[in-house]
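Below you'll find the structure, written out as structure tokens, and then a few comments.
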Amino acid sequence: MYKFILETNFILFRSYSLARRIQNSPMNNSPNGAIRSYTQEDIQQILQLAIARQTDDKDKEFSYQQLLEIASELDIPPESLQLAEREWLEQQVEIQKRQEFNVYRVGSFKKRLGNYAIVNGILLVIDLIGGGGISWSLYVLLIWGIGIGLDAWNSLQTKGEDYEVAFQKWYRQRQIKSSFNNLVKKLLKATSA
């Protein structure tokens, strides 16, 4: 994925640089004589579509030196490029954390759904055997089912304030657990040495 993004950005930078050079070219005119112009966002979207159609070699890699050359063609100082790369890497880490959180939430929901199915299945069997029909277990099934439905709604949403609160809570718990595990490992290492 990282390689593909670098390749896409490389081609975008090259294309944008070329677009800047030919901006006043006679080819920039439309057939009716009007000058075609595009915003930077338009150029990025058009080029991304073109790149998506053209890119065959997804394993192609670019060096950091090539990235610096592209940036210099666009008059982007190396410091700005380093800041942008650092920000991009932080965004990738954030995306990965959120993906892990989503997997955790779906896994936790599946466990709760499994517990619901098992317990209510047993309660239905007990009700059928004990009373000759389904009576009281249906109430448990319905009330608990409402809770499972709401839980599914919350677990499968990936946007919104509730999601952000749950993500932050999960992340803090994960950091605390990681810190505690590291402390225990250091203590065990210190006592065994």
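Can you spot a residue in the stretch 166-183 that is more than 30 Å from the chain's Cα centre (by Cα), surrounded by 10 or more Cβ atoms within 10 Å (Cβ to Cβ), in the same structural domain as Leu113 (by TED's automatic domain parsing) and more than 15 Å from Arg105 (Cα to Cα)? Within the stretch 166-183, one or more residues are more than 30 Å from the chain's Cα centre (by Cα), surrounded by 10 or more Cβ atoms within 10 Å (Cβ to Cβ), in the same structural domain as Leu113 (by TED's automatic domain parsing) and more than 15 Å from Arg105 (Cα to Cα).
Within the stretch 131-143, is even one residue within 30 Å of Glu164 (Cβ to Cβ) and assigned by TED's automatic domain parsing to the domain that holds Arg174? For the stretch 131-143, residues within 30 Å of Glu164 (Cβ to Cβ) and assigned by TED's automatic domain parsing to the domain that holds Arg174: present.
The values are calculated or read from the model by the stated rules, or taken from the named source; none is laboratory data. Note that the coordinates shown come from a computational prediction; the quantities given were computed from them, not determined experimentally. A quick note on method: Cβ atoms are made from the backbone with ideal geometry, for glycine too, and the neighbour counts reach across all protein chains shown.
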